[in-house]
């Protein structure tokens, strides 16, 4: 089974299920617990449905020939263990949101968690089209946002033409 996570996933998930994937993944991680086994987790039917929806969106994103509903897709499997698949989805999501850029300015820190509307607002502020989201990771978009703030940073030393020539 193949899954794909790109910057388009929050929007796709929001449009398909009218929910925020950031919040749902956080709730799932909390419900399943650190033990990754059935005896110690706190999964209810709603959590299981959230997992199935997230898995479906990431699978459909990887393979467009998958059926158009999660129910039809799940009917293709004999068993589908959340305890085997969810860690893989969380790892894939982690790679998708990984960032590499540090802010140069002392930006005002916020405890506000990332949400789909906030992420899409950042995309609009950067001029990223919906079509481009498929080509980017969430981490790349977040790096671009930080770099846009870095443009306003007052660097202590600015290279001159002579510095470039000497390089």
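The values are calculated or read from the model by the stated rules, or taken from the named source; none is laboratory data. The structure displayed is predicted, hence computed values, not measured ones. Every residue, glycine as well, gets a Cβ built from its backbone with ideal geometry; the counts of neighbours run over all protein chains shown.
Couple of notes before you dig in:
- Qualifying residue in region 21-28 (condition: in a loop (DSSP other than H, G, I, E, B), touching a helix residue (DSSP H, G or I) at 6+ places or on another chain (Cβ under 9 Å), at pLDDT 80 or above and buried (at least 19 other Cβ atoms within 10 Å of the Cβ)): no
- Of all the residues in region 10-20, those that are in a helix (DSSP H, G or I) and surrounded by fewer than 20 Cβ atoms within 10 Å (Cβ to Cβ) number 6.
- Taking region 93-124 as the range and being touching a helix residue (DSSP H, G or I) at 6+ places or on another chain (Cβ under 8 Å), at pLDDT 85 or above and either within 20 Å of residue 17 (Cα to Cα) or assigned to a loop (DSSP other than H, G, I, E, B) (or both) as the test, the residues that pass are 93, 114, 115, 116, 119, 120.
- Residue within region 145-161 that is surrounded by 14 or more Cβ atoms within 10 Å (Cβ to Cβ), under 13 Å from the mean Cα position of the chain (by Cα) and at pLDDT 85 or above present: no
- Whenever a residue of region 79-104 is on the phi < 0 side of the Ramachandran plot and in contact (Cβ under 8 Å) with a residue 40 or more places away in the chain, its partners that are outside any loop (DSSP other than H, G, I, E, B) and surrounded by fewer than 12 Cβ atoms within 10 Å (Cβ to Cβ), lying with C-beta atoms within less than 7 angstrom and at least six residues away or across chains, give the pairs 83/38.
- Test: residue 83 is at pLDDT below 85 and not in a loop (DSSP other than H, G, I, E, B): yes
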